[in-house]
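All of the numbers you see were taken from the coordinates with simple rules; none came from a lab. A quick note: this is a predicted structure, and the numbers were derived from the prediction, not measured. Positions of Cβ are backbone-derived with ideal geometry, glycine not excepted, and every protein chain shown enters the neighbour counts.
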Amino acid sequence: MTVNQYANQFKIGFSLWGFLAFALQELPYLPCLLCPPVDNPLANNNPANIFFGILEQGGGILTVALLILIVRKTVVKKSIFLFIAILCILAYFVCWFFYFSGITNGWLIVIGLSAVVPIYYFFIALWVKNDFAIITSVLFFIGHTGSNMLNYLR
C-alpha cells in the first residue's frame, strides 16, 4: 500500500464516536466539581517531571483530538476492541466510586484512574481503526501512568 492509498482511508471531519468516548471518560469530573471528595489527592496532581508531563499532556490532547477529528472512511463495526473499551470505562467508573467513597490509595489512582484511561482510548482507537490515535494513546499511557506512579507509589 502506498502512502497516498493509506492517506485516502482517512478524512478530516467530526467523529461522533470519538466525541462520545471523550465525553463518557469525563463524566466522573462533574461530581468532582459539584461536590469534591473530602480526601482528594488528585486535586493538585502535577506531572512528576517534564518528560512525563509532555507525554501525558501531549499524548492525551493529541489522542482525544485525533479520535474526534480524524475519521476513517470505512464503516465502524462492533468488535472485541469495543467490548474491551467498554470494560475499561466500566472499571474506571467503579474506581471513581471507590475514590468518592474515600479509598484514595496509590494503586487505585495509578491503575484504576490513570492507566485505564489511555488503555480505554487505545481500544477505542483500535475499534475505529484510527492508527494515529493508537500511537498517541501509547504515549499518553507512558506519561499518565508513569507520572502517577512516581507521584503516588513512593
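The set of residues from region 32-54 being more than 20 Å from the chain's Cα centre (by Cα) and of a type in the set (A, V, I, L, M, F, W, C) comprises L34, C35, V38.
Taking F122 as the residue in question, decide whether it is aromatic (F, W, Y), assigned to a helix (DSSP H, G or I), surrounded by 15 or more Cβ atoms within 10 Å (Cβ to Cβ) and touching a Phe, Trp or Tyr at 6+ places or on another chain (Cβ under 9 Å).
Considered against the rule, which asks whether it is aromatic (F, W, Y), assigned to a helix (DSSP H, G or I), surrounded by 15 or more Cβ atoms within 10 Å (Cβ to Cβ) and touching a Phe, Trp or Tyr at 6+ places or on another chain (Cβ under 9 Å), F122 comes out as yes.
In this structure, does G112 turn out to be within 28 Å of P36 (Cβ to Cβ), touching a residue at least 40 places away in the same chain (Cβ under 8 Å) and assigned to a helix (DSSP H, G or I)? Spelling it out, it is not the case that G112 is within 28 Å of P36 (Cβ to Cβ), touching a residue at least 40 places away in the same chain (Cβ under 8 Å) and assigned to a helix (DSSP H, G or I). The residue of region 77-97 that is surrounded by the fewest Cβ atoms within 10 Å (Cβ to Cβ), among those that are in contact (Cβ under 8 Å) with a residue 60 or more places away in the chain and hydrophobic (A, V, I, L, M, F, W, C), is F93.
If you check Q57 against the conditions, is it under 12 Å from the mean Cα position of the chain (by Cα), over 15 Å from F132 (Cα atoms) and assigned to a helix (DSSP H, G or I)?
On the way: under 12 Å from the mean Cα position of the chain (by Cα): yes; over 15 Å from F132 (Cα atoms): yes; assigned to a helix (DSSP H, G or I): yes.
Yes; evaluated as a whole, the condition is true for this residue.
From the list L33, L67, L20, the one residue that fits, being part of a helix (DSSP H, G or I) and in contact (Cβ under 8 Å) with a residue 12 or more places away in the chain, is L67. Residues considered: T74, T145. Of these, the only one that is out of contact with any Gly (no Cβ under 8 Å at 6 or more places or on another chain), crowded, with 20+ Cβ neighbours inside 10 Å and hydroxyl-bearing (S, T, Y) is T145.
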